[in-house]
Amino acid sequence: MGVYRLYSGDDGESRITQYTDEELANIKIKGTMSFSVQKREPGHFMDQHPAASRRWHIHVEGRMIIGLSDGTSHTFNPGDVRLVEDTGGKGHTTTLPDGDTIALMITIDEE
C-alpha cells in the first residue's frame, strides 16, 4: 500500500511520486469534498486524458495501470491511494486489465 501524487509538471507531462511519511503529515487540503464509488468492468481503457477534477482516488478492488506519456506505467492495487492533480497537460492513460475494479473517488471542490 502506498499514497501517491499524480500531477502535471511545468512541461505539461504527468508524473507520479510516492509521498513520504513527512509529506503525508503536512498535506492540507481546503474546500468541500464529495465522493462517489465507481465500479468498472475488466478490460476498460481510457486513452491519454487529463483528470476531470482534482480528487483523491482510493483503490478498493482490482488492479489499475496508469500510463504516462514518457512510456512508463505504474500499477496500483487495493489499498493504494492517489491524489490526482493532473487536470491540465497531456494527462495519462488508464487500463483495468483484469477483474472488476472498484474505487472510492473523493472530489475536491476548492473554495
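Laid out as a table, the results:
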{"item": "Qualifying residue in the range 11-22 (condition: within 17 Å of T87 (Cα to Cα), of a type outside the set (V, I, T), surrounded by fewer than 13 Cβ atoms within 10 Å (Cβ to Cβ) and at pLDDT 90 or above)", "result": "yes"}
{"item": "Members of the range 82-103 that are in contact with a Pro (Cβ under 6 Å, 6 or more places away or on another chain) and polar (S, T, N, Q)", "result": "T87"}
{"item": "Unique residue being within 11 Å of S14 (Cα to Cα), surrounded by fewer than 13 Cβ atoms within 10 Å (Cβ to Cβ), in contact with a strand residue (DSSP E or B) (Cβ under 7 Å, 6 or more places away or on another chain) and not hydroxyl-bearing (S, T, Y) when the list is D109, D70", "result": "D70"}
{"item": "Candidate set from the range 52-86 (those that are assigned to a loop (DSSP other than H, G, I, E, B) and not small (G, A, S)); member that is nearest to V3 (Cα to Cα)", "result": "D80"}
{"item": "The range 23-51 residues that are assigned to a loop (DSSP other than H, G, I, E, B), paired with ones that are of a type in the set (D, E) and surrounded by fewer than 11 Cβ atoms within 10 Å (Cβ to Cβ) (beta carbon under 8 Å, 6 or more apart)", "result": "K30/E110; K30/E111; G31/E110; G31/E111; P42/D98"}
{"item": "Residue list for the range 88-103, filter: touching a strand residue (DSSP E or B) at 6+ places or on another chain (Cβ under 8 Å) and loosely packed, with under 15 Cβ neighbours inside 10 Å", "result": "G88, P97, G99, D100"}
{"item": "Selection from the range 15-47 of residues that are more than 17 Å from G79 (Cα to Cα) and aliphatic (A, V, I, L, M)", "result": "A25, I27, I29, M33, M46"}
{"item": "In the range 1-22, residue farthest from the chain's Cα centre (by Cα) [restricted to those that are among the acidic types (D, E) and not in a loop (DSSP other than H, G, I, E, B)]", "result": "E22"}
{"item": "Looking only at the range 86-111, and only at residues there that are more than 14 Å from the chain's Cα centre (by Cα) and within 30 Å of K28 (Cβ to Cβ), the one that is modelled with the lowest pLDDT", "result": "E111"}
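The values are calculated or read from the model by the stated rules, or taken from the named source; none is laboratory data. Keep in mind the model is a prediction, meaning the values are calculated, not measured. Every residue, glycine as well, gets a Cβ built from its backbone with ideal geometry; the counts of neighbours run over all protein chains shown.
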